[in-house]
1. Sort out which residues of region 111-136 are under 25 Å from Pro50 (Cβ atoms) and among the aliphatic types (A, V, I, L, M), and write them in order of number.
2. When the residues of region 61-101 are filtered to those that are more than 28 Å from Ala146 (Cα to Cα) and among the hydroxyl-bearing types (Ser, Thr, Tyr), which remaining residue is surrounded by the most Cβ atoms within 10 Å (Cβ to Cβ)?
3. Name, by its number, the condition in (1) assigned to a helix (DSSP H, G or I); (2) at pLDDT 95 or above that does not hold for Lys20.
4. Quick one: how many residues across region 142-155 are acidic (Asp, Glu) and modelled with pLDDT of 85 or more?
5. Being buried (at least 17 other Cβ atoms within 10 Å of the Cβ) and out of contact with any Lys or Arg (no Cβ under 6 Å at 6 or more places or on another chain) is the filter here; which residues of region 36-48 pass it?
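The values are calculated or read from the model by the stated rules, or taken from the named source; none is laboratory data. Nothing here was measured: the structure is a model prediction, and the numbers come from that model. Methodologically, a virtual Cβ is constructed for each residue, glycine included, from the backbone with ideal geometry; neighbour enumeration extends over all protein chains shown.
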Amino acid sequence: MKSIKTPSDSKKLFVLNKPKGYLVTRSDDLGRKTVYDILPDWAFTGQWMPIGRLDLDSKGLLLFTTDGQINNALTKPKSCVKVYEIWVRGHITDEHISQALKGVESKYGLLKALEVEKIGFGGAKTKLRVQIDEGKNRHIRRLFGAMSDPKFGTSLKVLDLKRISIGDFKLDIESSEWRYLSVEEERSLLK
């Protein structure tokens, strides 16, 4: 449900729990749903911009700001750790984890993770918690996809991806919900 209440000038950041199936853009030539379809009208008409991206098939924590300096600070490489929970089709071995930590060369440059932890299994799928400090386009999907090469002995595909934290800020709202960050949360995130 869209709120008609506009933000005060003191508000610099809000968080959205982005659902799967929404683009992170103001509009789409193909008529697909965007995150602005589930946000209040003032987010679209104002200067609120997403900090980073989540692709159409990804979900989870997405921050918005009106402050270009905050946007730049949180999107530059190595600025803060982002944590994701993902489901991967295939059995993830210790060798896969080791390779993800070392990195895989791709046409997009070196793709690697800071930390990878197995947290669950289900059928032919493995659930992982993955930390990165960069945000190349489709970084995690491409990292695990690159390990599908026969030299790694398996076919891996990220089936589900959810960003659960950026820096010390953890996602704490339901899918499609949004809220402002408190002053303390803003300070913690920007420290």
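1. Residues satisfying the conditions are Leu111, Ala113, Leu114, Leu128, Val130, Ile132.
2. Thr65
3. (1)
4. Looking only at region 142-155, we keep the residues that are acidic (Asp, Glu), and these are 149.
From the residues that got through so far, the ones that are modelled with pLDDT of 85 or more too are none.
Number of matching residues: 0.
5. Taking region 36-48 and keeping what is buried (at least 17 other Cβ atoms within 10 Å of the Cβ), we get 36, 38-40, 43, 48.
Correct list: Ile38, Leu39, Ala43, Trp48.
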